[in-house]
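Enquirer: This is the structure I have questions about; it appears just below.
The values are calculated or read from the model by the stated rules, or taken from the named source; none is laboratory data. Source: prediction; values computed, not measured. Using ideal geometry, Cβ is built from the backbone for each residue, glycine included, and neighbour counts are taken over all protein chains shown.
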Amino acid sequence: MAFSIRGLVASVVLVLLGGYFVIDGIGKLGWSRIGASVTAVDLKCQVSAEETGVLTRTKWDATIDCNAVQAFKVAHPDKTWSVRHEALTHLSLKTSPAIQTTMMVYDDKPPRIGDVLSVVEDPADPNRVLPAATSTVTIASGAAMLGIGALVLGLVLLRRNRGRPPRASVEPQHDAQPVQTRQAESAGSAPARPPLAPAAARVFGRR
């Protein structure tokens, strides 16, 4: 029962998150694609660790200089740390007039000064830009989560149905009385005939 509840909750969460990501990615398909020149890069490293319980998940993360990653792991040996490079990239958008903005790039090979990147611009906020592949990646991630959530939900429901006891079928009771019994009952319902009196015997004697 506990497994079914956890599986049901996890599948519903995956389906909801997947639907959100798909809708969000489809919305970003309409953003304008423009070019942007890299003017400066501030490189950092994000270290993170997770512990997962039955229904809980605890996460630790910190953003530090990439040169200090090894020292950070030595200072915190009780957890398994994963490292992700993040580059705060300063951009000059090829618009008229040019707009100066920043964008976070998560890649092991950060952009360099002078690179020209393809980005998409938020129509509601020209200073907000994202990598050009954001919509495709978001839709693909959401579709994968939807598929996994639907699969888990189907398995949970299938296992739940298999675990239910079979329903007892109620069959109509047929009149199985033997013919002799019915005949006896019909005979008992008729009025009883009085017993025949014996005929009076005549005695002939001499007078």
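Enquirer: Out of (1) in contact with a strand residue (DSSP E or B) (Cβ under 8 Å, 6 or more places away or on another chain); (2) surrounded by 14 or more Cβ atoms within 10 Å (Cβ to Cβ), the odd one out for S118 is which?
Expert: Here S118 clears every test but (2).
Enquirer: Can I ask one more? Within the set of pairs 6+ apart or on separate chains, which have a first residue in segment 73-98 that is within 25 Å of V119 (Cβ to Cβ) and free of Cβ contacts under 8 Å to residues at least 12 places away in the same chain, a second that is part of a strand (DSSP E or B) and among the polar types (S, T, N, Q), and C-beta atoms under 6 Å apart?
Expert: As it stands, the answer is A98/S92, since those pairs meet every condition given.
Enquirer: Here is a list: D108, D78, D175. Which entry is in contact with a His (Cβ under 7 Å, 6 or more places away or on another chain), at pLDDT below 90 and not polar (S, T, N, Q)? Step through it out loud before you land on a result.
Expert: Working: D78 fails: in contact with a His (Cβ under 7 Å, 6 or more places away or on another chain); D175 fails: in contact with a His (Cβ under 7 Å, 6 or more places away or on another chain).
Selected residue: D108, the only one of D108, D78, D175 that is in contact with a His (Cβ under 7 Å, 6 or more places away or on another chain), at pLDDT below 90 and not polar (S, T, N, Q).
Enquirer: Can you list residue pairs whose Cβ atoms sit under 6 Å apart, with the first residue in segment 104-119 being over 24 Å from W31 (Cβ atoms) and the second being assigned to a strand (DSSP E or B)? Count only pairs 6 or more apart in sequence or on different chains.
Expert: Every condition considered, the pairs that remain are D108/H85; I113/V38.
Enquirer: From the list V15, V47, V41, which one is outside any strand (DSSP E or B), β-branched (V, I, T) and either touching a helix residue (DSSP H, G or I) at 6+ places or on another chain (Cβ under 6 Å) or over 25 Å from L146 (Cβ atoms) (or both)? Show your work before the answer.
Expert: On the way: V47 fails: outside any strand (DSSP E or B); V41 fails: outside any strand (DSSP E or B).
Result: V15 is the single residue among V15, V47, V41 that is outside any strand (DSSP E or B), β-branched (V, I, T) and either touching a helix residue (DSSP H, G or I) at 6+ places or on another chain (Cβ under 6 Å) or over 25 Å from L146 (Cβ atoms) (or both).
Enquirer: OK, next. For V41, are the conditions met, namely being surrounded by 12 or more Cβ atoms within 10 Å (Cβ to Cβ) and either within 23 Å of M103 (Cβ to Cβ) or without any contact (Cβ under 8 Å) to a residue 12 or more places away in the chain (or both)? Can you show your working first?
Expert: Working: surrounded by 12 or more Cβ atoms within 10 Å (Cβ to Cβ): yes; either within 23 Å of M103 (Cβ to Cβ) or without any contact (Cβ under 8 Å) to a residue 12 or more places away in the chain (or both): yes.
Against the criterion (surrounded by 12 or more Cβ atoms within 10 Å (Cβ to Cβ) and either within 23 Å of M103 (Cβ to Cβ) or without any contact (Cβ under 8 Å) to a residue 12 or more places away in the chain (or both)), V41 qualifies.
Enquirer: Scan segment 113-135 and give yes if some residue there is farther than 24 Å from F21 by Cα, at pLDDT 90 or above and acidic (D, E), otherwise no.
Expert: Within segment 113-135, one or more residues are farther than 24 Å from F21 by Cα, at pLDDT 90 or above and acidic (D, E).
Enquirer: Ok, one more. Could you check L8 against (1) of a type in the set (A, V, I, L, M, F, W, C); (2) assigned to a strand (DSSP E or B); (3) out of contact with any His (no Cβ under 7 Å at 6 or more places or on another chain) and say which number it fails?
Expert: Only one criterion in (1) of a type in the set (A, V, I, L, M, F, W, C); (2) assigned to a strand (DSSP E or B); (3) out of contact with any His (no Cβ under 7 Å at 6 or more places or on another chain) is unmet by L8, namely (2).
Enquirer: Being surrounded by 13 or more Cβ atoms within 10 Å (Cβ to Cβ), under 26 Å from G142 (Cβ atoms) and over 28 Å from the mean Cα position of the chain (by Cα) is the filter here; which residues of segment 1-35 pass it?
Expert: Matches in segment 1-35: W31, I34.
Enquirer: Turning to a different aspect of this structure: Any residue that is of a type in the set (V, I, T) and not in a strand (DSSP E or B) - is there at least one of those in segment 101-110?
Expert: Within segment 101-110, none of the residues are of a type in the set (V, I, T) and not in a strand (DSSP E or B).
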